[in-house]
1. On C-alpha positions alone, give me the angle between the axis of helix C:88-123 and the longest principal axis of chain C, in degrees, nearest 10.
2. Between segment A:44-79 and segment A:354-426, what is the C-alpha centre distance in whole Å?
3. Taking the dipole about the Cα centre of segment C:1-110, with the C-beta of Lys and Arg at +1 and of Asp and Glu at -1, give me whichever of C:VAL96, C:THR31, C:ALA45 is farthest to the positive side.
4. Hey, which lysines would be in cross-link range of B:LYS289, C-alpha to C-alpha under 27 Å, not counting anything within fewer than 8 residues on its own chain?
5. To the nearest Å, what is the center-to-center distance of segment B:209-273 and segment A:279-330, using C-alpha atoms only?
6. Mind giving me the nanometre distance, one decimal, between the label points for A:TRP217 and C:LEU158, set 7 Å out from Cα along Cα→Cβ?
7. What order do you get for C:35-42, A:56-63, A:344-351, A:316-323 when each peptide is scored by the mean count of other beta carbon atoms within 10 Å, highest first?
8. Report the residues of segment A:4-35 in range of a label on C:MET94: point 7 Å along Cα→C-beta, backbone N strictly under 18 Å from it.
Amino acid sequence: MDPVTLSLVLLAVVICSLGAGLWIFVGLLLTALFAFLVLLGFPVPRIGSILTPVILKSVFSFELAAVPLFIWMGEIISGTNLAAKLFSGLAPWVRRLPGGLLHANVGGAVIFSGMSGSSVAATATIGRVATSELIGRRYDPSLVYGSITVAGTIGIMIPPSITLIIYGIVAEVSVAKLFAAGIFPGLMLGLLYSGYIFVRSLINPALAPAQQDAYSWRQRFAGLLGMAPVLLLIAFLMGSIYGGFATPSESAAVGVFGAIVIARFSGGITLADLYRTGMNAVLTTAMIGSALAAAAVLATAIGFLHLPQMLSEAIVALNLSPMMLLLLLTLIYVMLGTVLDGISMVLMTVPIVLPLLTTAGFDPIWIGVYLVLMVEIGLVTPPIGFNLFVLRSITGVPIGQIALATLPFFALMLLGGLLLSIFPQIALWLPAQI
Amino acid sequence: EIVWDMPNAFGRNSSDGVADVVFAELVAEKTNGEIRIVHHFDGSLGYKGVDHLEAVQDGGVPLARHALSYYGGYDPYFLLSSQPFLVENVDDVRALYDAYKDELGKTMEGYNQVLVSAGLFPPSGIWSREPVESLADLQGLKIRAFDLNSLNTFTGAGAAAVNMNWGDVMPALSTGAIDAVVTSADLGINSGINDYLPNFTEINWAVPISVIAINKDVWDALPENLQKAVLEAGAETTDRTFARLATQVEGNYEAMKAKKVNVITSPNPDLRSKLVEVAAPLIEDWRSKVGDKAAVLDAYLAARGK
Amino acid sequence: MHTLYDRLDRISAWVARVAAQFAVVVLACTTLLILTEIVLRSFFATSTNITEEYVGYGLGTMVFLGLGHAVRTGSLVRVDIVLGRLGPGPRRVMEVLTCLVAFVVMAFVVYYMSIRVGRDFSRGTISTTLAATPIWIPNAVVLTGMLVFLLQVFFYSLGLLIGRPLIKEAESIE
Ligand code: NA
Ligand code: NA
């Protein structure tokens with residue numbers, strides 16, 4: 001079967017099994033079993049022996065442990081009124097800004113990106129803290145869900161970033177330079193999202209309603225005081241990482257500790273609160289972890305199908321100009337991103353795509369940033385888009401509605417890719433200064 | 001045409017990766033293209049390095065690159081070549097493998113696979129923020145160790161050795177949570193560790209051996225001429241890989257010097273002698289765990305007059 | 001007959017809840033372990049040397065021990081484009097079918113996982129770390145979580161067949 005047909009068949013099976021209402025991880029496992037049995041024709045015991053180590057490897061993961069801890073932190077903050085105070089404190093200052101508190105989603109995600117190497121953790125935390133506040137203040141739901149889903153992806157562009165580290169190892173590029181290269185593109189994406197929110201709200205002010213006519217200066221400063229606990233928590237987290245005490249994966253535990261302490265002194269937190277918030281974190285983790293494990297099994301099936309190799313051989317045969325090559329690769333990455341998780345996508349495609357792009361004259365550091373953007377896109381495109389799953393899990397809003405809300409932001413991500421291609425210096429200027 | 005999917009936990013340009021490519025080319029050449037090997041580098045097939053042993057045993061994959069140092073939990077015998085300070089040069093490595101391979105082949109057969117080729121990793125050294133020139137520089141140094149032996153040895157020698165996830169190492173270096181890393185010259189230079197840690201001290205820790213082994217059922221199903229061709233390809237790959245070690249180390253040092261890494265090849269002897277002293281009980285411990293099979297180590301030591 | 005079902009169903013729900021409660025305890029222990037590691041490394045120049053390994057096991061434990069309760073409470077995400085549009089009768093049929101698929105797929109994984117755990121146990125495979133953990137233990141925890149999940153799917157689909165209510169998906173926030 002040719003690679004394009006093969007990809008389309010896989011995509012169709014994923015869409016059917018997830019669309020039928022199977023739980024996500026069951027649907028992904030079913031697709032993987034279909035690939036092993038039908039497309040590859042492996043005997044059943046062989047499939048069984050391949051499944052188990054891949055599942056165990058993906059859940060016994062140190063890096064992933066930051067996810068439940070950050071979710072727990074988010075649960076504690078949102079369950080104890082701290083989130084409400086944060087947004088009330090911000091409100092007076094953004095009253096005249098079209099889009100108002102929606103920009104807090106983007107800004108919060110950018111700040112969080114500096115503390116966490118994963119997108120799922122960023123989306124879960126910001127989503128948990130911000131969605132109910134913003135929906136409660138009658139902001140347009142689709143702008144709320146869309147902006148949180150995409151802003152969370154900035155977590156892997158701005159350092160620390162697990163994706164950039166893995167790219168650095170596979171591509172043998174300096175991770176320090178890659179980290180430097182991710183900063184401006186990450187900020188650029190944040191600006192694009194904020195700019196879009198700004199323009200939409202300027203055209204239609206009803207999307208981001210004014211909360212109150214005027215605030216006295218006294219109210220403004222009282223609000224700031226209310227924000228202090230959360231700001232303190234952020235400073236504490238940042239300090240633990242940049243002071244050289246905790247690694248990014250470890251910082252989540254610091255966050256939980258800090259959140260508990262702060263909640264204790266600003267309104268109180270009981271053991272029952274801790275249990276309830278911890279249980280919510282466990283249930284979300286069960287959903288995300290099982291889906292990641294099943295996605296890893298599917299990725300293994302795709303590896304055995306040699307799909308990435310075949311696609312790249314087909315591209316080499318086309319002999320394209322650099323820009324056409326980039327365009328085609330972007331198309332392919334968007335397609336692969338629908339069925340592959342980010343880490344698998346990097347591991348499988350980099351050894352093939354890197355020589356292709358470097359021969360065409362692209363800088364390996366720039367390619368890393370471009371790839372991270374492609375992984376970010378994969379995180380928000382259905383059917384397998386982990387940020388969609390995460391937001392669904394913590395808000396209860398149907399995945400279809402979240403995916404629709406994300407659509408305009410998806411276009412902005414592509415625009416970001418275009419800007420990066422036209423002005424590669426956005427990524428390359430800072431690392432050159434090291 | 002027979003297609004074999006072959007996983008490798010390391011990258012295409014790692015020592016093992018290069019050897020795998022050589023092996024695949026030789027197999028294709030000697031079997032007239034009847035066997036084609038498809039590489040899956042960097043663990044991209046979803047297996048961890050430690051999973052390869054059972055993956056080949058169960059036929060999940062027909063063959064794999066086995067980094068033996070991962071397999072101590074199955075059988076301590078696999079850890080022979082990762083015992084510290086046994087080898088100093090290529091001839092030592094060759095002699096160690098010659099003493100080892102028959103017994104190792106039998107052990108692999110117990111896991112339903114046939115040993116066809118061997119490779120190696122270049123020796124690890126100390127990458128550090130401040131130069132490590134003597135034992136004194138090691139005291140209290142926050143250093144990331146890479147396995148149980150290195151963890152115990154560096155702790156015993158006075159360093160603050162920590163076990164840390166590889167994904168956290170780069171961020172931890174950038175913020176100063178750790179100040180040194182034990183890893184090989186090429187792994188360090190390839191991931192840009194030198195941007196944070198511009199000093200490298202050669203200690204010639206060990207030259208861990210890795211092997212290629214093929215599932216026994218897959219092997220038995222091959223016609224004899226193909227078996228012969230694969231064995232030839234394996235032996236030639238072994239020779240080429242071992243012969244490459246010296247130039248490989250030279251090449252790494254050249255590349256490091258070009259990137260302004262301060263390469264310390266002869267630190268104060270007190271450093272190495274302390275590390276050797278602390279490591280000695282670990283080797284005794286290994287002897288007691290493997291029992292009679294430790295005879296292989298004695299044979300090697302006798303052959304090299306050590 | 002129906003009261004027997006209800007009694008067994010309550011027991012299975014209880015099993016799922018206890019497993020998830022254990023996972024919450026693991027979550028707390030994971031947090032404490034990481035904090036200990038940070039303090040030891042930063043202020044005492046030493047390390048637990050087991051944090052990386054045990055935090056990994058902890059995460060796997062949380063994922064699979066939480067899975068059964070996640071199904072019960074409607075926290076396990078699914079795409080509801082089709083399901084949400086079906087009338088009560090067809091919806092029930094569709095739910096039973098998805099349960100059947102989930103049961104078969106998970107039973108397949110459970111079968112091979114139990115073979116693995118058995119082999120880990122009889123071989124005495126350990127982790128090559130300071131803790132030298134017998135590998136069968138964390139793997140058996142994952143297997144247990146998968147069995148709890150199977151139990152939930154079994155009783156839920158049985159309940160659907162005898163007219164018990166559908167699980168409500170986790171509520172949308174207001
Ligand atoms: Na980040
Ligand atoms: Na996607």
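The values are calculated or read from the model by the stated rules, or taken from the named source; none is laboratory data. Not measured: the values here are computed from a predicted model. FYI the Cβ positions are ideal-geometry reconstructions off the backbone, even for glycines, and counts take in every protein chain you see. These accessible areas exclude ligands, DNA and RNA; they are computed on the full protein's heavy atoms, side chains included. Shrake-Rupley method; radii C 1.70, N 1.55, O 1.52, S 1.80 Å.
1. Helix C:88-123 sits at roughly 30 degrees to that axis.
2. What the calculation gives is 23 Å, centre to centre.
3. Checked the options; the winner is C:VAL96.
4. B:LYS48, B:LYS101, B:LYS106, B:LYS274, B:LYS306
5. 31
6. About 7.2 nm separates the two model spin labels.
7. A:344-351, A:56-63, C:35-42, A:316-323
8. Under 18 Å, as judged by backbone N against the label point of C:MET94, lie A:13-28 of segment A:4-35.
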